[in-house]
Amino acid sequence: MKTHHKWLTAPLAAGLSAALLGGCGTEQGQGSDATDSVRVGMSDEILATDPAAGYDPGSWLLFNNVFQSLLAFPKGGSLPEPEAADTCGFDEASTVYTCTLRPGLKFSNGNPLTSEDVKFSFERALKIADPSGPAPLLSTIDAIETPDERTVVFRLKVPDATFPSKIASGAGSIVDHREYPADALRTDGKAVGSGPYKLDSFSDGRASFSANTGYQGTAKRRNDKVTLKLYGGDRAALAKAFADGDVDIAYRGLSAADISALENSAGDHDAQIVQGSSAEVQHLVFNTKDPVAGKPAVRRAMAQLIDRDALVENVYKSTATPLYSIVPAGINGHNTAFFDTYGAPDAAKAKKALRAAGIKDKVTLTLWSTPSRYGPSTDAELKAIAAQLNESGLFAADVRSVPFEQYEKDIAAGKYGVYVKGWVPDYPDADNFTAPFFGEGNVLANHYENEKITGTLLPKTAANADRSATDREYGEIQDLVAEEVPLLPLWQGKQYAVARDGVTGLEWTLDASTVFRFWEIRTS
């Protein structure tokens with residue numbers, strides 16, 4: 001995996017307010033049952049309109065509403081179901097995956113969508129291998145065969161039981177082979193897909209979408225037009241836009257305080273707070289080659305001291321829940337390994353861990369943050385963590401915050417010992433909270449490797465198509481991580497959107513699948 005994964009490029013919790021990405025449309029190409037339009041504001045940017053390049057929440061929101069994938073996550077569900085496909089299935093060894101397309105599929109420009117386009121789309125993403133693109137999710141593909149116009153056969157290099165979930169994400173977007181170059185990105189800012197919406201325009205922080213009346217898929221559109229306004233990380237501007245009536249929905253990027261304030265300042269229009277489940281998480285990451293953070297006793301002492309309940313209550317106003325493992329609650333295989341290992345915060349146990357390792361002086365270290373990428377409260381959170389460490393008398397910790405671009409460069413160069421990362425999953429499976437984090441080139445860039453995890457446990461889970469039968473292996477991975485502490489889970493987010501009265505359907509856009517479904521929203 002490469003370090004552009006969604007938690008590095010623009011992922012995760014924009015405060016604790018945020019919701020996630022999305023896409024599908026109108027039943028079997030039928031017309032919408034609504035003529036209204038919806039105005040959505042969010043703080044994220046759209047970094048790409050070409051599916052071979054984007055790997056961030058804003059881009060995937062566009063992809064999953066404009067493009068189809070073979071499979072899609074149903075609202076409220078974590079197992080992918082056919083979308084552009086009629087049927088899909090594995091062979092017994094989970095190394096051959098065959099899909100049959102729906103008959104009569106067309107792109108929004110009228111061109112037919114066939115197996116040739118599916119093969120082209122996946123091979124194109126892999127060939128371009130854009131540093132900010134989703135190619136790592138498709139890395140298990142060895143060859144793609146198209147025996148006829150409706151059949152696609154994926155031959156995989158290794159067993160990969162999560163392949164259906166991977167191609168149900170934005171990484172599985174199908175493009176028109178006549179509209180996109182095979183070996184280069186499209187650069188005109190346009191997008192042509194077969195999803196429920198067409199991208200009419202995209203510029204200057206604004207994207208306009210209208211109904212793709214030729215769409216054939218599994219969902220029913222409840223609006224004919226969506227205007228998406230992007231505020232480039234400026235949560236104050238997003239909050240003002242909602243308060244002024246410029247948008248109907250404030251989606252990613254508001255802090256807990258913002259949500260409360262908006263609820264009380266919507267003028268003549270009452271505001272509603274819509275809460276959903278979420279699998280987005282935040283961690284402290286430790287560079288295991290760092291002179292200080294590289295010492296296991298330092299990491300274990302921090303695990304023994306940090307009070308997650310206080311962070312959630314005081315910094316995030318209970319808009320998150322404490323997280324005690326790398327696999328969040330609500331995902332099959334989750335356990336509470338860190339709580340089981342360290343229990344409640346205990347300075348005496350932290351002191352014992354340090355002294356046993358011969359560390360007698362205060363541990364001096366810097367916690368590195370970036371001001372907005374992982375939520376507007378991230379700097380305050382890191383300062384609260386430093387205060388907790390220092391109050392124990394065992395640490396002399398401070399906090400430094402730098403712009404995201406510099407932050408990423410410095411992490412890649414190994415300059416930080418302790419730093420914060422947020423993570424928005426690509427798909428709701430324990431694999432996506434484990435496989436990207438371990439081994440050479442992992443997205444943490446923290447130099448941590450564990451041969452049992454990468455050589456035995458993860459390959460075993462990848463070969464098992466029965467995802468409920470992988471709990472033992474994922475439990476062992478979580479227990480190993482709690483023992484060695486290459487990262488420290490902090491919290492699991494809740495999803496929120498703030499909407500004006502009369503907006504309905506938002507509850508179907510805020511779930512662990514990370515799919516923000518334009519078509520479920522209606523205004524009155």
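The values are calculated or read from the model by the stated rules, or taken from the named source; none is laboratory data. A quick note: this is a predicted structure, and the numbers were derived from the prediction, not measured. Here the Cβ positions follow ideal geometry from the backbone for every residue, glycine too, while neighbour counts run over all protein chains shown. Please note that ligands, DNA and RNA were not included when accessible areas were found on the heavy atoms of the full protein model with its side chains. Shrake-Rupley method; radii C 1.70, N 1.55, O 1.52, S 1.80 Å.
Of all residues being in a loop (DSSP other than H, G, I, E, B), farther than 15 Å from A48 by Cβ and basic (K, R) in the stretch 153-188, which is modelled with the lowest pLDDT? Just the residue, please.
Across the stretch 153-188, the extreme among qualifying residues is K157.
Go over the candidates T509, T461, T456 one by one and state the one that is touching a helix residue (DSSP H, G or I) at 6+ places or on another chain (Cβ under 9 Å), β-branched (V, I, T) and open to solvent by 10 Å² or more (accessible area, probe 1.4 Å). Please lay out each step first, then the result.
Details: T509 fails: open to solvent by 10 Å² or more (accessible area, probe 1.4 Å); T461 fails: open to solvent by 10 Å² or more (accessible area, probe 1.4 Å).
Just a single option satisfies the conditions, and that option is T456.
Against the condition buried (at least 20 other Cβ atoms within 10 Å of the Cβ), under 30 Å from L506 (Cβ atoms), at pLDDT below 95 and not small (G, A, S), how does F73 come out, does it pass? Steps first, please.
On the way: buried (at least 20 other Cβ atoms within 10 Å of the Cβ): yes; under 30 Å from L506 (Cβ atoms): yes; at pLDDT below 95: yes; not small (G, A, S): yes.
Yes.
Kindly establish whether E123 is within 28 Å of R221 (Cα to Cα) and either in contact (Cβ under 8 Å) with a residue 12 or more places away in the chain or not basic (K, R) (or both). Before you say what the answer is, go through the steps one by one.
On the way: within 28 Å of R221 (Cα to Cα): no; either in contact (Cβ under 8 Å) with a residue 12 or more places away in the chain or not basic (K, R) (or both): yes.
Taking the combined requirement at face value, the residue does not satisfy it.
So which residues in the stretch 90-122 are within 21 Å of V158 (Cα to Cα), of a type in the set (D, E, K, R) and crowded, with 16+ Cβ neighbours inside 10 Å, if there are any at all?
K119
Quick check on my filter: what residues within the stretch 44-68 are open to solvent by less than 10 Å² (accessible area, probe 1.4 Å) and either of a type in the set (S, T, N, Q) or on the phi > 0 side of the Ramachandran plot (or both)?
The answer is S59, N65, Q68.
Just checking, which of K225, K240 is over 25 Å from the mean Cα position of the chain (by Cα) and touching a residue at least 24 places away in the same chain (Cβ under 8 Å)?
Numbers: K240 fails: touching a residue at least 24 places away in the same chain (Cβ under 8 Å).
Step by step, each of K225, K240 is checked, and only K225 is over 25 Å from the mean Cα position of the chain (by Cα) and touching a residue at least 24 places away in the same chain (Cβ under 8 Å).
Out of A293, A301, report the one residue that is in a loop (DSSP other than H, G, I, E, B) and either open to solvent by 40 Å² or more (accessible area, probe 1.4 Å) or modelled with pLDDT of 95 or more (or both).
Details: A301 fails: in a loop (DSSP other than H, G, I, E, B).
Matching residue, one of A293, A301: A293.
If you take the residues in the stretch 76-85 that are assigned to a loop (DSSP other than H, G, I, E, B) and aliphatic (A, V, I, L, M), which one is surrounded by the most Cβ atoms within 10 Å (Cβ to Cβ)?
A84
Run L284 past the list (1) exposed (fewer than 15 other Cβ atoms within 10 Å of the Cβ); (2) closer than 21 Å to N442 by Cα and report the number of the one that doesn't hold.
Result: L284 passes all but (1).
Which one is modelled with the lowest pLDDT, of the residues in the stretch 235-259 that are closer than 22 Å to D36 by Cβ and assigned to a loop (DSSP other than H, G, I, E, B)?
Filtering first and then ranking leaves Y251.
Could you check the stretch 413-442 and list, in sequence order, the residues that are more than 13 Å from the chain's Cα centre (by Cα), in a loop (DSSP other than H, G, I, E, B) and at negative phi?
A413, K415, Y416, G417, T434, F438, E440, N442
Of all residues in the stretch 209-222, which are surrounded by 21 or more Cβ atoms within 10 Å (Cβ to Cβ), under 15 Å from Q68 (Cβ atoms) and either without any contact (Cβ under 8 Å) to a residue 12 or more places away in the chain or not polar (S, T, N, Q) (or both)? Steps first, please.
Residues of the stretch 209-222 that are surrounded by 21 or more Cβ atoms within 10 Å (Cβ to Cβ), as a first pass: 209, 211-212, 215-217, 219, 221-222.
Retained after the next criterion (residues that are under 15 Å from Q68 (Cβ atoms)): 209, 211-212, 215-217, 219, 221.
Correct list: F209, A211, Y215, G217, A219, R221.
Looking only at the stretch 43-70, how many residues end up being at pLDDT 90 or above, polar (S, T, N, Q) and in a loop (DSSP other than H, G, I, E, B)?
3
Which residue out of R206, R178, R186 is more than 26 Å from the chain's Cα centre (by Cα) and either hydroxyl-bearing (S, T, Y) or open to solvent by 30 Å² or more (accessible area, probe 1.4 Å) (or both)? Steps first, answer last, please.
Numbers: R206 fails: more than 26 Å from the chain's Cα centre (by Cα); R186 fails: more than 26 Å from the chain's Cα centre (by Cα).
Result: R178 is the single residue among R206, R178, R186 that is more than 26 Å from the chain's Cα centre (by Cα) and either hydroxyl-bearing (S, T, Y) or open to solvent by 30 Å² or more (accessible area, probe 1.4 Å) (or both).
Can you say whether V399 is in contact with a His (Cβ under 9 Å, 6 or more places away or on another chain) and outside any helix (DSSP H, G or I), as far as the supplied structure shows? Walk me through it before giving the result.
Details: in contact with a His (Cβ under 9 Å, 6 or more places away or on another chain): no; outside any helix (DSSP H, G or I): yes.
No, not satisfied.
Listed residues Q478, Q492; which is in a strand (DSSP E or B), open to solvent by less than 20 Å² (accessible area, probe 1.4 Å) and closer than 18 Å to P436 by Cβ? If you could, list the steps in order and put the result at the bottom.
Numbers: Q478 fails: in a strand (DSSP E or B).
Exactly one of Q478, Q492 is in a strand (DSSP E or B), open to solvent by less than 20 Å² (accessible area, probe 1.4 Å) and closer than 18 Å to P436 by Cβ, namely Q492.
One line per residue, one yes/no per condition, for (1) within 17 Å of I167 (Cα to Cα); (2) open to solvent by 30 Å² or more (accessible area, probe 1.4 Å):
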{"site": "V420", "(1), (2)": "no, no"}
{"site": "P436", "(1), (2)": "yes, no"}
{"site": "H447", "(1), (2)": "no, yes"}
{"site": "T470", "(1), (2)": "no, no"}
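Being among the aliphatic types (A, V, I, L, M) and open to solvent by 40 Å² or more (accessible area, probe 1.4 Å) is the filter; apply it to the stretch 345-383 and report the residue that is nearest to P291 (Cα to Cα). Let's see the steps before the verdict.
Let us first name the residues in the stretch 345-383 that are among the aliphatic types (A, V, I, L, M), namely 347-348, 350, 353-354, 356-357, 359, 363, 365, 367, 380, 382.
After this cut, where a residue has to be open to solvent by 40 Å² or more (accessible area, probe 1.4 Å) as well, the list is 347-348, 356-357, 380.
Details: A347: 23, A348: 24, A356: 18, A357: 14, A380: 26 Å.
Per the stated criteria, the residue is A357.
Hey, can you tell me all the residues within the stretch 90-112 that are modelled with pLDDT of 95 or more and part of a strand (DSSP E or B)?
Of everything in the stretch 90-112, those that are modelled with pLDDT of 95 or more and part of a strand (DSSP E or B) turn out to be V96, Y97, T98, C99, T100, L101, K106, P112.
Out of S277, S255, which single residue is open to solvent by 30 Å² or more (accessible area, probe 1.4 Å) and small (G, A, S)?
On the way: S255 fails: open to solvent by 30 Å² or more (accessible area, probe 1.4 Å).
So the residue among S277, S255 that is open to solvent by 30 Å² or more (accessible area, probe 1.4 Å) and small (G, A, S) is S277.
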